[in-house]
Every structure is written in structure tokens, then in C-alpha cells.
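All of the numbers you see were taken from the coordinates with simple rules; none came from a lab. Note that this is a predicted model, so its numbers are computed, not measured. Don't worry about glycine lacking a Cβ; one is built from the backbone with ideal geometry, like all the others, and counts go over all protein chains shown.
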Amino acid sequence: MKITYFKGKEPNFGDELNPWLWPKLIPDFFDDDEKTVFIGIGSILGQKTFKDDVKKIVFGAGFVPEYHSRPRITGPDWDVYFVRGPRTAKMLDISNDLGLGDPAILLRTLQEPQPHASSQTISFMPHWESMHRGNWTEACRLANIHLIDPRNSVERVLHEMQNSKMVIAEAMHGAITADALRIPWVPLLPLNHVHRGKWLDWADSLKIKLRWHRLWPSSLKEARLSVLRKAVTGSPFAGVLEKSLTYAAAHRLARLASVAPQLSADHEMNRVTDAMLGKVALLQKNFR
């Protein structure tokens with residue numbers, strides 16, 4: 001059984017959790033046999049075309065209609081253990097009971113939550129696309145906020161999260177991981193609106209009512225001021241406007257550091273974790 005997940009031009013924490021998490025959670029279970037593929041963490045349903053003669057094991061993946069067309073996951077070659085949330089289940093016309101949650105939650109079975117009382121670090125984890133489009137390294141420096149780059153290794157991201165007393169997250173798996181490790185978090189509306197729906201899918205699985213906050217763009221690219229960008233390109237105003245946006249984004253981050261963070265209820269987290277571990281045991285039983 002081969003682990004399959006989205007691979008972009010650069011590594012992204014949420015996707016890279018797959019080769020890190022699953023072999024640790026289920027040792028000596030996976031291989032490179034593509035006759036059976038394991039579809040775990042990520043919005044990969046509909047993004048990837050699988051051959052008809054391949055056995056597909058869906059283990060927590062999600063579906064985002066803005067990313068791709070609706071897939072058909074019925075028939076003997078599909079085996080759905082659970083999906084990311086009730087919204088994915090509804091869109092794929094499968095049982096609501098299968099909308100269990102994002103499997104990144106299972107990190108908590110491998111990483112002991114750390115006491116955060118001594119930490120004064122407030123961290124910001126942007127979506128990986130924002131690292132390309134924005135000036136977040138400078139904005140975080142100005143705001144005295146620690147930047148967690150989602151393109152870094154899983155180990156480094158986890159270490160930086162464990163050393164944070166709060167995580168401000170534009171990256172959904174920044175919030176999911178913080179929540180699993182019981183680190184308070186602040187949810188931000190992703191600057192790219194197509195990434196917003198999947199947050200609700202995960203949040204519904206844990207009965208979380210998201211208290212969204214807006215993130216201000218840190219660059220002309222993020223502001224999507226295409227007309228203005230063309231008008232100021234090559235002129236002295238381009239640099240001035242770019243710098244002004246970065247300073248405004250830093251001011252916004254500094255304000256967000258003082259808002260009340262969120263955390264799912266302990267009993268909901270325990271409920272979902274236990275249910276997912278039950279699915280892990282069932283998977284091992286079925287394939288051993």
C-alpha cells in the first residue's frame with residue numbers, strides 16, 4: 001500500500017505530514033506497491049485521477065469543489081474509512097458518520113502536548129502560497145511575531161509550534177496541529193478565498209464555531225491590485241506602496257496577537273481521536 005498525497009513545487013507542512021505521520025503511527029505497513037493507494041491528509045479527493053484497477057483507501061482526505069470537480073468514490077475499488085468532515089461527506093453523497101475529521105489530529109498520539117505557561121512566543125503560520133506572494137518575514141519582524149514557515153520540515157514546524165503560547169493561523173493545518181497539541185489558536189480568513197471552505201469542514205467535525213479574523217495583505221501581489229500594480233510598476237510609488245502594505249500587515253498581526261484564541265473542547269478532541277484510532281485498528285485488521 002502506497003501513501004499518496006499532493007506534491008507541489010515546494011513542500012507544504014499539511015501535505016508533508018503524510019510521509020511523516022503514517023509510518024510512525026502504523027510501522028511496517030506501507031510500501032511502494034501502487035496497486036493499493038492510501039489517501040490520507042489533504043484536499044486530494046478530486047485533485048488526482050486514480051486508475052480504475054487501483055484500490056483506493058480513503059483515510060481522512062477532504063474535497064474542495066473550488067479545487068477540482070466532484071469525484072466518484074463508489075464501487076469496489078474505493079474503500080472509505082472516513083473523510084475530513086461532514087461537508088466533504090455531504091458533497092460526496094456518503095454517510096455523515098464518515099465525516100470524522102482531519103487525520104492530522106492523530107499527531108497528538110505521537111507528540112506529547114507541552115506546557116505553554118513559560119512560553120511568551122506568539123507565532124504566525126501563513127498559507128504556503130502567502131510566503132511567495134507576501135512580505136511576511138518582514139511583517140512578522142516588525143510586529144515581533146514569530147514566523148512559522150509551512151515550507152520547513154515537519155520536525156521544525158512542530159518544534160516551533162510546541163514553543164508557542166499561541167498560533168495565529170492562515171494555514172489550516174497550522175490551526176489543526178495547534179488544536180491537536182492543545183495550543184490556543186486564532187483562525188484567519190485565508191487571503192485566497194478558495195481555501196476557506198475546507199476550514200469549515202474540519203471545524204464542523206469538532207463542533208468548533210470559527211471566530212474568523214481578517215488578515216491584511218502584506219504586498220501588492222497579495223492585495224491583488226492588478227490595475228494599480230500596472231500603474232505604479234517601474235515608478236517610485238511601487239516601492240512606497242509595497243512598504244506601506246507590509247507595515248499595515250505588521251500592525252494587523254500585532255493587533256491579532258491580543259485577540260482571544262480558540263481551542264476545541266477536550267471531550268470532542270478525545271471523541272474524534274478515539275474514533276480515528278478505531279479506524280487505524282480496522283485498517284490494520286483488514287490488510288494484515
**Span-rule helices in the chain, defined as complete DSSP H runs reaching 20 Å or more along the axis (Cα) with Kyte mean at least 0.0** = 236-256
**Request:** Output the pairs from K55/K285; K56/K221; K7/K198; K9/K51; K2/K209; K56/K285 with a Cα-Cα distance over 27 Å in this structure; if there are none, say none.
**Result:** K56/K221; K2/K209
**Message:** Which one, T246, W185, C140, is farthest towards the positive end of the dipole of region 114-263 when Lys and Arg carry +1 and Asp and Glu -1 on their Cβ?
**Reply:** T246
**Asked** Taking the simple approach of a point 7 Å from Cα along Cα-to-Cβ for both R288 and K243, what is their distance in nm?
**Response** 6.2
**Request:** Name the residue farthest towards the positive end of the dipole of the chain from the options Q284, H213, T4, assuming +1 on Cβ of Lys and Arg, -1 on Cβ of Asp and Glu, about the Cα centre.
**Result:** H213
**Request:** Evaluate the relative contact order of region 114-263 (contact order divided by residue number), counting alpha-carbon pairs under 8 angstrom at least 6 apart; express in whole percent.
**Result:** 28
**Global form of region 25-179, assessed from the alpha-carbon gyration tensor, a/c cut-off 1.5** = prolate
**Prompt:** Which aspartates and glutamates have a Cα lying under 18 Å from the Cα of K90, excluding residues fewer than 8 positions away in the same chain?
**Reply:** E66, D79, D102, D201, D204
**Whether region 1-102 is rounded, prolate or oblate, judged on the alpha carbon gyration tensor where a/c under 1.5 counts as rounded** = rounded
**Prompt:** Which of the peptides 54-60, 270-276 is most tightly packed, and how do the rest follow, judged by the mean count of other Cβ atoms within 10 Å per residue?
**Reply:** 54-60, 270-276
**Asked** How do D201, D28 line up, fewest other C-beta atoms within 10 Å first?
**Response** D28, D201
**Item:** E170, E10 arranged by Cβ crowding within 10 Å, fewest neighbours leading
**Value:** E10, E170
**Message:** Charges at C-beta only: +1 for Lys and Arg, -1 for Asp and Glu. How large is the resulting dipole of region 114-263 about its Cα centre, in Debye rounded to 20?
**Reply:** 400
**Request:** Pull up all non-local amide H partners of V186: gap of 5 or more, or a different chain, and H-to-H distance under 5 Å with H placed in the peptide plane.
**Result:** V167, I168, A169, Q262
**Prompt:** To the nearest 20 debye, what charge dipole does the chain have about its Cα centre, counting +1 at the Cβ of each Lys and Arg and -1 at the Cβ of each Asp and Glu?
**Reply:** 860
**Prompt:** Hey, got a sec? Which GluC sites (Glu not before Pro) in region 1-101 land in a DSSP loop and have at most 14 other Cβ atoms within 10 Å?
**Reply:** E34, E66
**Request:** Please figure out what share of the DSSP beta bridges in the chain is antiparallel and state it in percent, rounded to the nearest 5.
**Result:** 5
